[in-house]
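Encoded as structure tokens, the structure appears first; notes follow it.
Coordinate-derived values only; no laboratory data. Source: prediction; values computed, not measured. A quick note on method: Cβ atoms are made from the backbone with ideal geometry, for glycine too, and the neighbour counts reach across all protein chains shown.
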Amino acid sequence: MKVTRLIALSAVLTCLSFAAYAQGRPAPKDAQLYFVWPQNGATIKGGFWCRFGLRNMGVTHAGDNYQNSGHHHLLVDVNEPIDPKEPIPQDKSHLHFGAGQTEARIELPPGKHTLQLVLGDASHYPFNPPVVSDKITIRIK
């Protein structure tokens, strides 16, 4: 019985350490995430290629735990801040690019939209400090 309890306790402690590791991975202080295209204030007719830029870090696949690297997430019309202790959600407003993409074809309905990039670690958690772009506003005709 004691052996079973020790094994269970070891498993729990191991899982807790992985959970703690997944949250708040350090990012270089000079890391910069930005939009190559579109630019803030752009008026775009129809779908467009959104191009992501990153300095002083690398881009990799989701699930890859390389130091100083992550993958892109595009936030569309998101007003609430990302919780650094939770994985970045995946829905129509939080687009994941876990294959290491640095650009994507985006289709949005006509009107005004905000876009922001967030770099996620292997487990989709934001880095610490968060690596985020400026929020930009575009208009779709």
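Annotations
- Distance between modelled label sites at Glu103 and Ala42, nm, 7 Å Cα→Cβ extension: 1.0 nm
- Anchor Lys135: lysines whose Cα lies under 18 Å away (excluding residues fewer than 8 positions away in-chain): Lys92, Lys112
- Whether region 32-140 is rounded, prolate or oblate, judged on the alpha carbon gyration tensor where a/c under 1.5 counts as rounded: prolate
- Rounded to the nearest 20, the size of the Cβ-charge dipole of region 13-127 about its Cα centre is 280 debye, with Lys and Arg at +1 and Asp and Glu at -1.
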